[in-house]
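For reference, the structure discussed in these notes is given below.
Laboratory data are not the source of any read-out in this text; all were calculated from the coordinates shown. All figures in this text were calculated on a predicted structure; none of them were measured in a lab. Note that we place each Cβ from the backbone using ideal geometry, even for glycine, and neighbour counts take in every protein chain shown.
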Amino acid sequence: MGIRRIDTEKCIGCGTCVDDCPMNVIVLNEEGNKAEIKYLRDCQSCFLCEVECPVSAIFVTPHRERRIPLPW
Amino acid sequence: MKNSEEGHGTADVLIVGGGLAGAFAAIKAKAGGAKNVVLVDRAKVGKSGCSAFAAGVIAVFFPEEDDLEEWYKITVELGDYLNDQDWVLYHLNETHKHIKDMEKWGVAFEKTKEGRFERRLMRCASDKVPTIKQIMFHGPQMMDVLRKKVLELGVTIMDRVRITDLLTDNDRVVGAVGFNTVTGEFVSFKARATVIASGGTAYKSLFASHKMLSGDGHAMIWRAGGDLMHYERGAHHATCAWYDLLGMNIFVSFGAKFVNSAGEEFVGDYDPIYQDHTQTYMYAGAMAMEVRAGRGPIFFDMTHFSEEEVRKLRTVIPLSVSKMERGGIIVGDKFVKKMEWVPTNFGNIGSGGGAKIDLDCKTSLESLYAAGDAACGIGAGTYGFPLIAIPWAITSGARAGEMAAKAAAETGDVRVNKNQENDFHGSYMAARKTKGGVDPEHAILSVQEVIIRPDVYIISREETIKAALAAIEEIRRDQIPNLYSLDVQSYNLVLDACNMALCAEMWLRSLLTRKESRAGVMREDYPYRDNVNWLKWIIVNKAGDEKIKIRLEDVPLHKFRMQPTKDKQLHRIFEAAKRRGVQWG
């Protein structure tokens, strides 16, 4: 699952999450006033966006976004 | 960055990778007098690689409290005598000075009421051997401070620039090329000295927040003809089967327990001295043996932690605690259930192979330095030493920056070969235009399916290594040249797949070469640690025909103080498995 949603009511378009995401998952929309999830599968559930968001608009889950083989 | 007349970005010292090692390299390159220091990162300096997610603890030797001889002895013994012992001593003597600097810059550490560093027993320390101790920092705050410090000193930071290849003039590295990971723009740097601090490869495996570590630095050094060493060492770790979590070391230092499916604590049977604080490869081996005996799955139990301990964890490892709250593992200030725990192929993060370096962090190529996981690990040979990655990133990063600044000052203007630069540019543009072919996601999964197998990366034997090698060769032949990318984001995956497959082949070829069991190399066809024949370093580089070439060097023990006994001993994991009634061989 990784990043699950960005609350567009709360989002102020400050770009903190876009700037901090190590995997380029989040971008600003065309108008440049709201963050949106673009590359969901690259999310590594690191929680940086949720932690750094100044208005608590982001919700992340710890579930893996891609299938990764288990050893057994 | 200054733009020269030829249109290159130029730097006195170019540093690739903005984690702890790269940040320290930048700070020390500035302190060493380099004027134009450029630090680039494929993500964002301070929010990238392992360091932003490092799990809150650093093993530090303090001369006023600790016994240097004891720390030195344990480090060399745990390294099974493959260390560069000169590096071990240098490292132990330097780390604490840098920690004190970090504190002055504003990095927060847990302190006692008396104002001393709060210390706990590390992994590879127990009541029986209470030597190695850790200190605690506040998760991502550390790298936020380092980024600020780097900017304050006037270092030029370029975020979202992924370096792909080194520019060379004969044996000298004169810069690097890459691209902007958002705009796709091709970039080229001319540099008097270059430091690679872009980490190792974690194979996008089971472990949290390490998905950008795909061996870029190792791959570019290999392609430029440089030496890599210790590549046979797969770094072992373990993590939650359900979620990507960090922090096993700190959880263990707080008293977390491993239990098998019968609820029995078993790690102490495999390692009676360090018990649950044992090395990472011993956990991995013990788990694999328990599962082989039908006693899996394995669980990690923290349900006995006090509320105060959970609150402390929330301070030092906030991201993992958030995840466990979200996953319903922590409710309020209590752990309410055990988690299924599995070993993970951690590639060479923290204690694996990397660029062969000398005491100055210089690689086998002129003007090229390496630090952190991009280099071959502390003291070149410490398998599974507890939490060595963070202090090693600090000491090697600082040394690489200092020596690169010195080299830059001694080097006149360097010349970029336009033909080589144009070739890199041409290949990049061609690769970006690819239509049709193989999905890079498929290639990444194919590599993982080969290497995340317990009979390959934990307890291996010649047949399983050879089968894995054949599968990787097939991926490199049939899939890698035919990968397609839809946009610059998926081109990142193309490069990830390409570099991961190369690193996997270097690892398997090195593993096949080491015909013994030493620390993290556990081969059931050669179950003895063989000090008669195998006190050797395994070095990988590129033969002229693009093939992976292996050579051996004797460990230069004649230079070092601690000497091993020249005997053969059954590896601890096989001896313990016998005691536990697990079949092997």
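From the phi of every residue in segment B:125-130, what ³J(HN,Hα) in whole Hz does the Karplus formula 6.51 cos²θ - 1.76 cosθ + 1.60 yield, where θ is phi - 60° and glycine or proline is x?
8, 8, 4, 6, 9, x
Share of antiparallel DSSP beta bridges in chain B, in percent to the nearest 5?
Around 70 percent antiparallel, to the nearest 5.
Taking the highest mean first, how do the peptides B:81-87, B:140-146 order by number of other beta carbon atoms within 10 angstrom per residue?
Listed from highest to lowest mean packing, they are B:81-87, B:140-146.
Just tell me, in residue order, which DSSP H segments of chain B are both 20 angstrom or longer along the helix axis (alpha-carbon based) and at least -1.0 in mean Kyte-Doolittle hydropathy.
Counting only whole DSSP H runs, the qualifying helices are B:389-410, B:488-513.
Mind pulling the per residue volume of the convex hull built on the Cα atoms of the protein assembly as shown? Å³ is fine.
It comes to 147 Å³ per residue, whole-number rounded.
Only Lys, Arg, Asp and Glu count, each charged at its Cβ (+1, +1, -1, -1), so figure out the dipole size of the protein assembly as shown about its Cα centre, rounded to 20 debye.
Here the protein assembly as shown has a charge dipole of around 280 debye.
Would you mind checking which residues have amide H under 5 Å from B:G175's amide H? H placed 1.01 Å from N; only 5 or more apart, or other chain.
Sorted by chain and number, the residues that satisfy this are B:L167, B:A191.
Could you give the length gained on full extension between B:D413 and B:L552, defined as 0.36 nm per residue of separation minus the Cα-Cα distance, in nm?
Stretched fully, the B:D413-B:L552 segment lengthens by 46.4 nm.
Evaluate the distance, in nm, between pseudo-label points positioned 7 Å from the Cα of A:D19 and of A:E36 along their respective Cα→Cβ axes.
Taking the simple label geometry, A:D19 and A:E36 are separated by 2.2 nm.
Which pairs in the list B:K418/B:K549; B:K128/B:K312; B:K30/B:K149 are over 19 Å apart, alpha-carbon to alpha-carbon?
B:K418/B:K549; B:K128/B:K312
Computed on alpha carbon atoms, what radius of gyration and Dmax characterise segment B:482-559, expressed in Å?
Gyration radius and largest Cα-Cα distance of segment B:482-559: 17.2, 55 Å.
Between segment B:132-152 and segment B:27-53, how far is it from one alpha carbon centroid to the other, in angstrom?
First find each Cα centre; the distance between them is then 13 Å.
As an exercise, use a Förster radius of 22 Å and the Cβ-Cβ distance of B:E118 and B:S306 to find the FRET efficiency, rounded to the nearest 0.05.
0.85
Separation between the B:L153 and B:D358 pseudo-spin-labels, each 7 Å from Cα along Cα→Cβ, expressed in nm?
Distance between the two pseudo-spin positions: 2.4 nm.
So, with +1 on the Cβ of K and R and -1 on the Cβ of D and E, and no other charges, what is the size of the charge dipole of segment B:415-513 about its Cα centre, to the nearest 20 debye?
Computed charge dipole of segment B:415-513: roughly 380 debye.
Hey, for a label at A:L70 modelled as a point 7 Å past Cα toward Cβ, could you say which residues of segment B:243-266 have their backbone N under 14 Å away?
B:243-244, B:261
Can you say what percent of the DSSP beta bridges in the protein assembly as shown, counting only those with both residues inside, are antiparallel? Round to 5.
75
Could you line up B:M102, B:M500 from fewest to most neighbouring Cβ atoms inside 10 Å?
B:M102, B:M500
Just to be sure I understand the model, the point goes 7 Å from the Cα along the line to the Cβ. What's the resulting A:T8 to A:V55 distance in nm?
1.3
What do you get for Rg/Rh of chain B when both radii come from the Cα atoms and Rh is the Kirkwood radius?
0.95
Taking a quarter of the surface of the Cα convex hull of segment B:434-513, what do you get in nm²?
Result: a mean projected hull area of 4.8 nm².
Work from the charge dipole of segment B:434-513 (Cβ charges, +1 for Lys and Arg, -1 for Asp and Glu, about the Cα centre) and give the residue of B:N492, B:G436, B:A471 farthest towards its positive end.
B:A471
Please compute, for the alpha-carbon atoms of segment A:3-60, the extent along each of the three principal axes and give them in descending order in Å.
25, 21, 17 Å, listed from the longest principal axis down.
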